Amino acid sequence: MNLKKMQKEVWENKVNKGFNTTNAEKEFCLLYGEVAEAYEAYRKKKNDLNEELADIAIYLLGLSEMLGFDLEEEIVKKVEKNKKRVYKKIDGVNVRVSD
């Protein structure tokens, strides 16, 4: 899967179907709602958890396009940054000690 291409396709669908393409605050709220739905599906062992997770990704891709970010590029950069971070376990919890 090409995430850049998928981001553009998600955006085109939003435009073509008349969904919100200007209000980032609304998209954050809708994304939050999708996360809540996914958690509920997980907690209640519903069969549609996979679709709820896909909805989260779709909203995130759309929001990234709305805000002018290439999500694929940002994920790659963040994964590389995370690889370099050093953690120490303190009282059973990983605590970052350096970037």
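Observations on the structure shown:
- G62 being at negative phi, among the small types (G, A, S), surrounded by 12 or more Cβ atoms within 10 Å (Cβ to Cβ) and in contact with a Ser or Thr (Cβ under 9 Å, 6 or more places away or on another chain): yes
Quick grid of which residues meet (1) over 30 Å from D99 (Cα atoms); (2) assigned to a helix (DSSP H, G or I); (3) not charged (D, E, K, R):
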residue	(1), (2), (3)
K14	yes, yes, no
C29	yes, yes, yes
A54	yes, yes, yes
G62	no, yes, yes
F69	no, no, yes
E74	no, yes, no
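- If only residues of the range 20-46 that are touching a residue at least 24 places away in the same chain (Cβ under 8 Å) and of a type outside the set (D, E) are counted, the one that is farthest from A57 (Cα to Cα) is T22.
- Summed over the range 27-58, residues that are at negative phi and either open to solvent by 60 Å² or more (accessible area, probe 1.4 Å) or touching a strand residue (DSSP E or B) at 6+ places or on another chain (Cβ under 7 Å) (or both) total 17.
- Taken across the range 88-96, residues that are out of contact with any helix residue (DSSP H, G or I) (no Cβ under 6 Å at 6 or more places or on another chain) and in a helix (DSSP H, G or I) do not occur at all.
The values are calculated or read from the model by the stated rules, or taken from the named source; none is laboratory data. Note that the coordinates shown come from a computational prediction; the quantities given were computed from them, not determined experimentally. Because the Cβ atoms are built from the backbone with ideal geometry, glycine has one as well, and the counts that use them run over all protein chains shown. Please note that ligands, DNA and RNA were not included when accessible areas were found on the heavy atoms of the full protein model with its side chains. Shrake-Rupley method; radii C 1.70, N 1.55, O 1.52, S 1.80 Å.
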